[in-house]
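Asks: Pasting a structure below so you can have a look.
The values are calculated or read from the model by the stated rules, or taken from the named source; none is laboratory data. All values reported here derive from a predicted model rather than from experimental measurement. Cβ placement follows ideal geometry from the backbone for every residue including glycine, while neighbour counts extend to all protein chains displayed. Note: accessible area is taken over every heavy atom of the protein model, side chains too, but ligands, DNA and RNA are not part of it. Shrake-Rupley method; radii C 1.70, N 1.55, O 1.52, S 1.80 Å.
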Amino acid sequence: MATTKILDDVLGTQPAPGLWLVVATAAAALLTTTVGALWRPARNAVTIAHEGGHGLVALLTGRRLEAIRLHSDTSGLTVSRGRPTGLGMILTAAAGYTAPPLLGLGGAWLLAAHRVTLLLWVATALLTALLVMVRNAYGMLAVVVTGGAFLLVSWLAEPQVQAAFAYGAVWFLLLGGVRPVFELRAKRRRGEARDSDADQLARLTHAPAAMWMLFFHSVSLSSLVGGARWLLGL
């Protein structure tokens, strides 16, 4: 009976929150992604999604995922083995900057379907799977803290708190997926980040890095627009 109830809760729907909550969580996420003092620690969550995207696509394309590392300066590294060229490597390299906004878009779709609990459980499962591949202490701490927050909210919080947390997390992924692309663009203009994902993709495909930057911008901004429409019920 207990298992059945849990499944019903996870797979069932929850009441839609008021528009005020949706707007308030959007404002909180916007503040977090624009104020430097808030963005610096919060950016760790975007790095988790970024490196998780590399890792997931590496596995899906038949590469061998060896390690994921997350660093206190919010940088990260995903190491996989396989052919150094080809479609699998291209998709793996392209997955980093596109993962946070696409995860946010998927989360917005779930919330538009009123599946708050399912979103929280899926996020917890993904973070648990990611933890297995993290190979440094700071990375483990970052994933445990993030996954623990999702787990505690999904188990202990009232429905209104769960909704606020879920909407805030999704808004943050949508908005937080936009800023890193602009940050990378600024670094490349200063002659930094010469081995960025865009530069790796340029070497793999012989297409200019600027084209891949445009691709990252297109995915992040279109995900933000589409996700916002779902979240606001437009």
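Asks: Along the charge dipole of the chain, pointing to its positive end and built from +1/-1 on Cβ of Lys, Arg, Asp and Glu, which listed residue (L118, A149, L130) has its Cα farthest out?
Replies: Of the listed residues, the answer is L130.
Asks: What is the gain in length, in nm to one decimal, between A37 and H217 on full extension, counting 0.36 nm per residue of separation less the C-alpha to C-alpha distance?
Replies: Taking A37 through H217 to full extension adds about 62.4 nm, to one decimal.
Asks: Under a Cβ-Cβ cut-off of 13 Å, what is the net charge of the residues other than E51 that fall near it, where Lys and Arg count +1 and Asp and Glu count -1?
Replies: That works out to +1.
Asks: Once the piece of chain linking T205 and D73 is laid out straight, how much longer is it, given 0.36 nm per residue of separation minus the C-alpha distance between them?
Replies: Extra length from T205 to D73 when fully extended: 44.6 nm.
Asks: Ok, one more. Residues with beta-carbon under 12 Å from that of R203, excluding R203: net charge, scoring Lys, Arg +1 and Asp, Glu -1? Mind dumping the intermediate values first?
Replies: Numbers: positive: R194; negative: D195, D197, D199.
Net local charge, R203 excluded: -2.
Asks: Spelling out what I want: for every residue of the stretch 191-206, take phi, set θ = phi - 60°, compute 6.51 cos²θ - 1.76 cosθ + 1.60 (Karplus), and round to whole Hz; glycine and proline get x.
Replies: Computed from phi, the couplings for the stretch 191-206 are x, 9, 6, 6, 10, 5, 4, 5, 6, 4, 5, 4, 5, 6, 10, 6 Hz.
Asks: In addition: Which of these, R64, R189, R43, has the largest mean-square fluctuation under a Gaussian network model of the chain (Cα springs below 10 Å)?
Replies: R189
Asks: With +1 assigned to the C-beta of every Lys and Arg and -1 to the C-beta of every Asp and Glu, and no other charges, what is the dipole magnitude of the chain about the Cα centre in debye, to the nearest 20?
Replies: Here the size comes out at about 660 debye.
Asks: Still on this structure, I have one more. Between Q160 and R135, take the C-beta separation as r, use R0 = 35 Å, and let me know the FRET efficiency to the nearest 0.05.
Replies: 0.35
Asks: Can you tell which of F216, F182, F165 shows the greatest fluctuation in a Gaussian network model of the chain with Cα springs below 10 Å?
Replies: Per the Cα network of the chain with a 10 Å cutoff, F182 tops the list.
Asks: Would you work out the Kirkwood radius for the chain? I mean one over the mean of 1/r across all pairs of different Cα atoms, in Å. Walk me through the numbers on the way to the answer.
Replies: Working: mean 1/r = 0.0546 Å⁻¹.
For the chain, the Kirkwood estimate is 18.3 Å.
Asks: While we're on this one: Counting only helical runs of four or more DSSP H residues, what would the 222 nm mean residue ellipticity of the chain come to if each run contributes -39,500 (n - 2.57) and the total is spread over all its residues?
Replies: Computed ellipticity for the chain at 222 nm equals -25000 deg cm²/dmol.
Asks: Could you please report the charge total around W109, scoring K, R as +1 and D, E as -1 over all other residues with beta-carbon less than 13 angstrom from its beta-carbon?
Replies: Summing Lys/Arg as +1 and Asp/Glu as -1 gives +2.
Asks: Using R₀ = 45 Å, calculate the FRET efficiency as 1/(1 + (r/R₀)^6) where r is the Cβ-Cβ separation of L30 and R64; round to 0.05.
Replies: 0.70
Asks: Continuing with the same structure: Accessible area per residue, 1.4 Å probe, Å², for the stretch 41-169: what's the number? Mind showing how you got there, number by number?
Replies: Numbers: 6040 Å² over 129 residues.
Normalised by residue count, the accessible surface of the stretch 41-169 is 47 Å².
Asks: Another question, then. Among L31, L56, L118, which one shows the biggest mean-square fluctuation in a GNM of the chain, springs joining Cα atoms closer than 10 Å?
Replies: Of L31, L56, L118, the most mobile in the Gaussian network model is L31.
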